[in-house]
Amino acid sequence: MVRSMTTRLAPAAALALAVPLGVASAGLARAHPHIFVDTGVTLIHDEQGRLTALRISWTYDELFSLLMLEDLGLDSDYDGVLSEEETEALQGFDMEWPDWYEGDVYLEASGSLVALGPPEPGRSGLLSNGMLTSTHTRQLARPVDGADETVVVKVYDPTFYTAYSILPQQVSSEAPGCTTAVFTPDLDAAYAYLDAALEELGASIDDPFVEQDFPPVGDRFSEEVRLTCEKAGG
């Protein structure tokens, strides 16, 4: 197993030992994502209206979901329905994060990163369309007042192996007077930056089976949630 298998495939792909050896390395050379995740973001506030945590939901694409189910030995009859025992065995399937993994979620307050705590696992399940889904909560290192600070939640894999799409209908704030909006990147500019980064690598990507450090371009493709809150009494 090459290093890219265990360090490039995030979030749960780092656990998907069923992925063939060449898939991860070849994916880097082709420079496009191989795992697609629909994401929901709930902003959790305290009684003072300050942002204190994020609840994140991930819904994985059908192919990756199938690979994970096979790797976990679940749904062996391929009927798309898990038994109670299988459902319990599924819990936490994507929560065993290595120390280097930051969760592909980044929160900025007035332009500065706010650290997020370790994931607090929620429930995982298999949807009727064959997609695996999971939820987890991340506590903020400090409360953030959305009326005084500009709050942005970015969702991306720095290596661009996993592509995250934020679903606006699954984005919300629990605080009265606060609203959320989802913004998408300029994809033309993002791909132009990617092309330049790959050109700089040159011959190092000619052999897809040679281990290499892929340029961290994922932030250029990041979708983001922006929080706007009214001042108390405003």
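Might you let me know whether segment 162-177 holds any residue that is in contact with a helix residue (DSSP H, G or I) (Cβ under 6 Å, 6 or more places away or on another chain) and in a loop (DSSP other than H, G, I, E, B)? Lay out the reasoning, then the answer.
As a first pass, look at segment 162-177 and keep what is in contact with a helix residue (DSSP H, G or I) (Cβ under 6 Å, 6 or more places away or on another chain): none.
Within segment 162-177, none of the residues are in contact with a helix residue (DSSP H, G or I) (Cβ under 6 Å, 6 or more places away or on another chain) and in a loop (DSSP other than H, G, I, E, B).
Is one or more of the residues making up segment 119-127 surrounded by fewer than 18 Cβ atoms within 10 Å (Cβ to Cβ) and modelled with pLDDT under 95? Please lay out each step first, then the result.
First, the residues of segment 119-127 that are surrounded by fewer than 18 Cβ atoms within 10 Å (Cβ to Cβ): 120-123, 125, 127.
Next, only the ones that are modelled with pLDDT under 95 stay: none.
So far as segment 119-127 goes, no, none of its residues is surrounded by fewer than 18 Cβ atoms within 10 Å (Cβ to Cβ) and modelled with pLDDT under 95.
Step by step: first the residues of segment 85-100, then only those that are aromatic (Phe, Trp, Tyr) and surrounded by 13 or more Cβ atoms within 10 Å (Cβ to Cβ), then the one that is nearest to Gly218 (Cα to Cα). Which residue is that? Please lay out each step first, then the result.
Of the residues in segment 85-100, the ones aromatic (Phe, Trp, Tyr) are 93, 97, 100.
After this cut, where a residue has to be surrounded by 13 or more Cβ atoms within 10 Å (Cβ to Cβ) as well, the list is 93, 97.
Values: Phe93: 24, Trp97: 19 Å.
Taking the candidates together, the pick is Trp97.
For segment 134-151, check the following and say yes or no: at least one residue is surrounded by 20 or more Cβ atoms within 10 Å (Cβ to Cβ) and hydroxyl-bearing (Ser, Thr, Tyr).
yes
Among the numbered conditions (1) closer than 21 Å to Ser134 by Cβ; (2) at pLDDT 55 or above; (3) surrounded by fewer than 19 Cβ atoms within 10 Å (Cβ to Cβ), tell me where Asp46 comes up short.
(1)
Considering only residues that are at pLDDT below 95 and closer than 28 Å to Asp71 by Cβ, which ones fall in segment 131-163?
Matches in segment 131-163: Tyr156, Asp157, Pro158, Thr159, Phe160, Tyr161, Thr162, Ala163.
Can you say whether Val81 is under 29 Å from Phe183 (Cα atoms) and either touching a residue at least 24 places away in the same chain (Cβ under 8 Å) or hydroxyl-bearing (Ser, Thr, Tyr) (or both), as far as the supplied structure shows? Walk me through how you get there before you give the answer.
Details: under 29 Å from Phe183 (Cα atoms): no; either touching a residue at least 24 places away in the same chain (Cβ under 8 Å) or hydroxyl-bearing (Ser, Thr, Tyr) (or both): yes.
So Val81 fails the test.
Yes or no: Asp104 closer than 29 Å to Ala53 by Cβ, of a type outside the set (Ser, Thr, Tyr), at pLDDT below 95 and within 22 Å of the chain's Cα centre (by Cα)? Walk me through how you get there before you give the answer.
Numbers: closer than 29 Å to Ala53 by Cβ: yes; of a type outside the set (Ser, Thr, Tyr): yes; at pLDDT below 95: no; within 22 Å of the chain's Cα centre (by Cα): yes.
Considered against the rule, which asks whether it is closer than 29 Å to Ala53 by Cβ, of a type outside the set (Ser, Thr, Tyr), at pLDDT below 95 and within 22 Å of the chain's Cα centre (by Cα), Asp104 comes out as no.
Can you run down the residue pairs with Cβ atoms below 8 Å, 6 or more apart or on separate chains, where the first is in segment 100-113 and in a loop (DSSP other than H, G, I, E, B) and among the aromatic types (Phe, Trp, Tyr) and the partner is modelled with pLDDT under 95 and surrounded by 14 or more Cβ atoms within 10 Å (Cβ to Cβ)?
Trp100/Thr7; Tyr101/Ala10; Tyr101/Pro11; Tyr101/Ala14
Do we have any residue at all in segment 81-89 that's part of a loop (DSSP other than H, G, I, E, B), touching a strand residue (DSSP E or B) at 6+ places or on another chain (Cβ under 8 Å) and not charged (D, E, K, R)?
Filtering segment 81-89 for residues part of a loop (DSSP other than H, G, I, E, B) gives 81-83.
Within this subset, residues satisfying the condition of being touching a strand residue (DSSP E or B) at 6+ places or on another chain (Cβ under 8 Å) are 81-82.
Those left that are additionally not charged (D, E, K, R): 81-82.
So far as segment 81-89 goes, yes, one or more of its residues are part of a loop (DSSP other than H, G, I, E, B), touching a strand residue (DSSP E or B) at 6+ places or on another chain (Cβ under 8 Å) and not charged (D, E, K, R).
Could you check segment 70-80 and list, in sequence order, the residues that are surrounded by 15 or more Cβ atoms within 10 Å (Cβ to Cβ) and outside any helix (DSSP H, G or I)?
Leu74, Asp75
Name the residue, out of Glu199, Glu174, that is more than 17 Å from the chain's Cα centre (by Cα), modelled with pLDDT under 80 and not hydrophobic (A, V, I, L, M, F, W, C). Working first, answer last.
On the way: Glu174 fails: modelled with pLDDT under 80.
From the options Glu199, Glu174, the qualifying one is Glu199.
Answer with yes or no whether Tyr106 is buried (at least 21 other Cβ atoms within 10 Å of the Cβ), among the aromatic types (Phe, Trp, Tyr) and in contact with a strand residue (DSSP E or B) (Cβ under 9 Å, 6 or more places away or on another chain).
Here the answer is no, as Tyr106 does not meet what is asked.
The values are calculated or read from the model by the stated rules, or taken from the named source; none is laboratory data. Note that this is a predicted model, so its numbers are computed, not measured. A quick note on method: Cβ atoms are made from the backbone with ideal geometry, for glycine too, and the neighbour counts reach across all protein chains shown.
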